[in-house]
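Engineer: Pasting in a structure now, in structure tokens, and then I'll have a few things to ask.
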Amino acid sequence: MKTLTIILTDGPYISEDAQIAYKVARAALKKYQVNIFLYLDAVYIPRMGQNPAFFADEGGLFADLASEGAVIRACSRCAAARGYTAEEDGSTPDYHDGMKITSLYDLPEMIARSDRVISL
Amino acid sequence: MTVGSIFYLLDSAPYGSEKAFGLLNAAAVSIGRMDVTVGLYGDGVYLALKGQDSQLLAVPNLADILYAYGEMRVIAHEPSLLERGLFFEGLVEMAELADEEAFLEAMVYADCLILL
């Protein structure tokens, strides 16, 4: 099965990037493996309890992707800088299930094993 | 397919945001896994300026990070330099000059292009 990796750097709502990534990933999951790496402000996306007045809860949307098989990882340096701490297995109570905080070294691993990479 | 080469494109200035620092970190961890090129375009060319002093900003000197990773190829877009009144002689030693054609060629030949 071919693999698509999506790299995000913007947080939720500041731009449409997370929404676009969600739509692309949702469609791709029907035929392909999908990896998503959350870098810089994108580590805010998986946070639980988001309640935007006029937008979809992007944390919930990404949780849906994870439950459908997408591998979603967040950069540990970026997450630590923004107050998120991870357990040894990469999970954090701040995030929806299925999304983990892991090493930045996961990024080149994901890229190296991908057939296509999109950075938004 | 496996990705054997990667081109990280930076078009924003160092220090004004986390983008340049983030790009350099991502490029650094890619070394050894694939061939890494950092392309400096637009305001990104300021990253390679000699003589940076970021102490008052309390952030790392980003040009020093370029020195730390000699395996990383760094190319600066010549037209962007000239548009900003900068010259190749003002850049750190490991930076290469690339005209429009050479810069595009480096991007096209990489297996993967990442814009941060």
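Engineer: Within segment A:1-58, track down each residue that is among the polar types (S, T, N, Q), in contact (Cβ under 8 Å) with a residue 40 or more places away in the chain and part of a loop (DSSP other than H, G, I, E, B).
Structural biologist: Selection gives A:Thr9 alone.
Engineer: In addition: Could you list, in sequence order, all residues of segment B:104-115 that are under 29 Å from A:Ile36 (Cβ atoms) and either of a type in the set (A, V, I, L, M, F, W, C) or surrounded by fewer than 16 Cβ atoms within 10 Å (Cβ to Cβ) (or both)? Steps first, please.
Structural biologist: In the first step, residues of segment B:104-115 are kept if they are under 29 Å from A:Ile36 (Cβ atoms); the result is B:104, B:106-115.
Within segment B:104-115, B:Leu104, B:Ala106, B:Met107, B:Val108, B:Tyr109, B:Ala110, B:Cys112, B:Leu113, B:Ile114, B:Leu115 qualify.
Engineer: Answer with yes or no whether B:Asp35 is part of a strand (DSSP E or B) and surrounded by 14 or more Cβ atoms within 10 Å (Cβ to Cβ). Spell out the reasoning first.
Structural biologist: On the way: part of a strand (DSSP E or B): yes; surrounded by 14 or more Cβ atoms within 10 Å (Cβ to Cβ): yes.
Yes: the conditions hold for B:Asp35.
Engineer: Provide a single number: the residues in segment A:6-43 that are over 15 Å from B:Leu116 (Cα atoms) and within 13 Å of chain B (Cβ to nearest Cβ).
Structural biologist: 4
Engineer: For segment B:66-116, name all the residues that are within 14 Å of another protein chain (Cβ to nearest Cβ) and over 15 Å from B:Leu9 (Cβ atoms). First the steps, then the outcome.
Structural biologist: Here is the first cut: in segment B:66-116, the residues within 14 Å of another protein chain (Cβ to nearest Cβ) are B:69, B:71-72, B:107, B:110-116.
Residues satisfying the conditions are B:Tyr69, B:Glu71.
Engineer: So, in segment B:27-46, of the ones that are without any contact (Cβ under 8 Å) to a residue 60 or more places away in the chain and touching a helix residue (DSSP H, G or I) at 6+ places or on another chain (Cβ under 6 Å), which residue ends up farthest from the other protein chains (Cβ to nearest Cβ)?
Structural biologist: B:Val45
Yes/no per residue for (1) within 30 Å of A:Tyr32 (Cα to Cα); (2) among the hydrophobic types (A, V, I, L, M, F, W, C):
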site: B:Asp11; (1), (2): no, no
site: B:Tyr15; (1), (2): no, no
site: B:Met34; (1), (2): yes, yes
site: B:Leu66; (1), (2): no, yes
site: B:Glu71; (1), (2): no, no
site: B:Pro79; (1), (2): no, no
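None of the figures in this text is laboratory data; all of them are computed from the coordinates on show. All values derive from a computational prediction rather than experimental measurement. Cβ coordinates were reconstructed from backbone atoms using ideal geometry, including for glycine residues, and neighbour counts include every protein chain displayed.
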